[in-house]
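Worksheet for the structure shown next.
Just so it is clear, none of the values below were taken in a lab; they were calculated from the coordinates. Everything quoted here is computed from the prediction, not taken from an experiment. Cβ coordinates were reconstructed from backbone atoms using ideal geometry, including for glycine residues, and neighbour counts include every protein chain displayed.
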């Protein structure tokens with residue numbers, strides 16, 4: 001039951017939990033990598049996706065320059081590594097992925113880097129970019145898509161454990177907060193169709 | 001490990017699971033209501049959100065006309081009702097919410113309808129709209145936000161069980177597929193900050 005007013009600076013948290021993805025891009029031999037959660041589909045055909053990034057991030061600059069990037073889904077078992085990727089900056093580590101023991105490989109479609117340990121990867125070309133308040137909304141067209149054996153038409157959630165981001169928390173030291181799904185799923189049958 | 005090519009018509013499924021929300025709007029005394037999952041924040045300040053809707057849906061038409069709407073989060077305990085809202089059309093039921101035993105109330109901020117049983121509600125004004133392939137991307141500014149007692153600064157996931165949509169499935173009759181979270185959460189401490 002709705003009772004309390006929410007501070008408008010915190011409304012983005014009502015969207016939690018959100019699956020965490022890792023964005024990768026290469027420009028001039030330098031690899032940019034950052035976790036992101038403001039990312040969703042925008043169209044079935046052509047397959048468009050939208051990603052809203054903080055424009056001051058190096059990875060955002062690189063994507064706007066290169067006009068291509070990859071979206072990588074890592075399983076819950078990689079939670080620590082994704083958290084660490086969110087903390088270390090490209091200036092500190094020449095190879096951020098290697099620093100968290102993940103492997104960079106080159107994609108076939110758009111020559112952009114991707115994560116070998118990922119459960120799924122989308123290769124995207126930038127189609128549009130525009131500023132929306134504090135963030136840059138980048139529209140990408142998916143030109144190639146790959147997945148591990150845990151995805152055939154749909155995710156097999158008995159094999160793939162999505163990494164659900166639920167914000168950071170301050171108690172007992174600042175930390176990333178991730179949720180896991182139950183292995184059981186609920187089916188709600190269609191009443192009116194099929 | 002990435003092995004298999006994914007059909008580009010199915011890439012939107014790599015984003016599963018996604019929290020299901022319910023969009024509501026009133027135009028000329030008629031209430032539009034539909035579940036949605038392509039919805040995310042686009043900016044902290046001003047608080048902007050983006051929602052991509054199929055433009056042929058009556059609710060999408062109404063939002064573009066009224067220039068206001070609400071986003072409602074219903075708990076996992078309402079999974080069946082959200083699934084049913086996705087099936088029944090406004091033409092069949094004068095009051096879709098009542099048809100699934102949910103209660104419509106009026107918001108204070110923008111006079112738009114909201115769901116009394118919701119765990120959180122955002123009241124939005126349309127700031128921009130543009131076509132992205134098959135969908136209409138509507139940018140809304142959040143003008144008011146409310147939540148139940150399960151949200152204070154963050155969701156309390158011991159009280160709030162998010163409704164995670166994982167697609168529809170065909171086996172044993174077509175059905176909506178929802179996932180639940182485990183009650184346990186994982187904390188990944190910051191190494192480099194605080």
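Can you say whether residue B:94 is without any contact (Cβ under 8 Å) to a residue 12 or more places away in the chain, over 20 Å from residue A:11 (Cβ atoms) and part of a loop (DSSP other than H, G, I, E, B), as far as the supplied structure shows? It would help to see each step written out before you state the result.
Values: without any contact (Cβ under 8 Å) to a residue 12 or more places away in the chain: yes; over 20 Å from residue A:11 (Cβ atoms): yes; part of a loop (DSSP other than H, G, I, E, B): yes.
It is true that residue B:94 is without any contact (Cβ under 8 Å) to a residue 12 or more places away in the chain, over 20 Å from residue A:11 (Cβ atoms) and part of a loop (DSSP other than H, G, I, E, B).
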> Given the residues A:25, A:33, A:11, which is the only one that is surrounded by 20 or more Cβ atoms within 10 Å (Cβ to Cβ) and part of a helix (DSSP H, G or I)?
Replying inline: A:11
>> Here's a check for you: in region A:146-170, which residue that is more than 9 Å from chain B (Cβ to nearest Cβ) and in a loop (DSSP other than H, G, I, E, B) is farthest from residue A:107 (Cα to Cα)?
In response: A:158
> Out of A:46, A:55, which single residue is in contact (Cβ under 8 Å) with a residue 40 or more places away in the chain, out of contact with any helix residue (DSSP H, G or I) (no Cβ under 6 Å at 6 or more places or on another chain), under 17 Å from residue A:135 (Cα atoms) and in a loop (DSSP other than H, G, I, E, B)?
Replying inline: A:55
> So is residue B:116 in contact (Cβ under 8 Å) with a residue 12 or more places away in the chain and either within 20 Å of residue B:20 (Cα to Cα) or buried (at least 21 other Cβ atoms within 10 Å of the Cβ) (or both) or not?
Replying inline: yes
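Select, from B:182, B:125, the only residue that is surrounded by fewer than 18 Cβ atoms within 10 Å (Cβ to Cβ), over 15 Å from the mean Cα position of the chain (by Cα), part of a strand (DSSP E or B) and within 7 Å of another protein chain (Cβ to nearest Cβ). Working first, answer last.
Values: B:125 fails: within 7 Å of another protein chain (Cβ to nearest Cβ).
After ruling out the rest, the residue left standing is B:182.
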